[in-house]
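What follows is calculated from the coordinates using simple rules that are stated; it is not laboratory data. Since the model is a prediction, treat every value here as computed from it, not as a measurement. Quick reminder, even Gly has a Cβ in these numbers, built from the backbone with ideal geometry, and neighbours come from all protein chains shown.
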Amino acid sequence: MNSRSWRGTILFTVILVTMGATVGLKLYGIGEQVTASDTSVHAATAAATAGTSGATSTPTPSASASASASPSPSATATPAPAQAAATKTVTGSAIDTRYGAVQVKLTFTGGTITAVDTVQAPDGNGRDQEINQQALPILQQEVLSSQSANIDTVSGATYTSEGYIQSVQSAIDKR
């Protein structure tokens, strides 16, 4: 019973270290992109290692955690050609807001959003243009960072933000 609780603790620690190393480094622009499948493979490897080595498994999982921080060259080289061939541009629906229509165009490379372009935005007066000059780059960056339409609205540009988010979601749905 005691060795079983240690295996769970070691497995949890390995997963925590792996996720912390890959996610934490990526937030600061250091390291390579690691997908969820890469992390689950390393976690499964760590689980198998922890299960076979018993109470003296502390050195082995840390070695697995070190290996998971830098994916193998073959794992990173294989997806690149497939993604380069699969570039697709999708225009979202034009969303009517209180101040005018908002519409965006997304460029996907593989499954990743690589570009967000604003097709339409409210521009009826100087204030609309001023708001868009500030809000649209923020919204664009948020979509690229989150790789989804699950982003926050920009303060002072609520209607434009909501239209932008809806148009991004419609483009993602059309993909």
Query raised in the report: Roughly speaking, what is the stretch gain from N150 to D128, that is 0.36 nm per residue apart minus the C-alpha to C-alpha distance, in nm to one decimal?
Result: 5.6 nm
Query raised in the report: Around T107, what is the net charge, scoring Lys/Arg as +1 and Asp/Glu as -1 over all other residues with Cβ under 11 Å from its Cβ?
Result: +2
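If you stretched the chain out fully between T158 and T91, how much longer would it get, using 0.36 nm times the residue separation minus the C-alpha to C-alpha distance?
Separation in residues times 0.36 nm, less the Cα-Cα distance, equals 22.0 nm.
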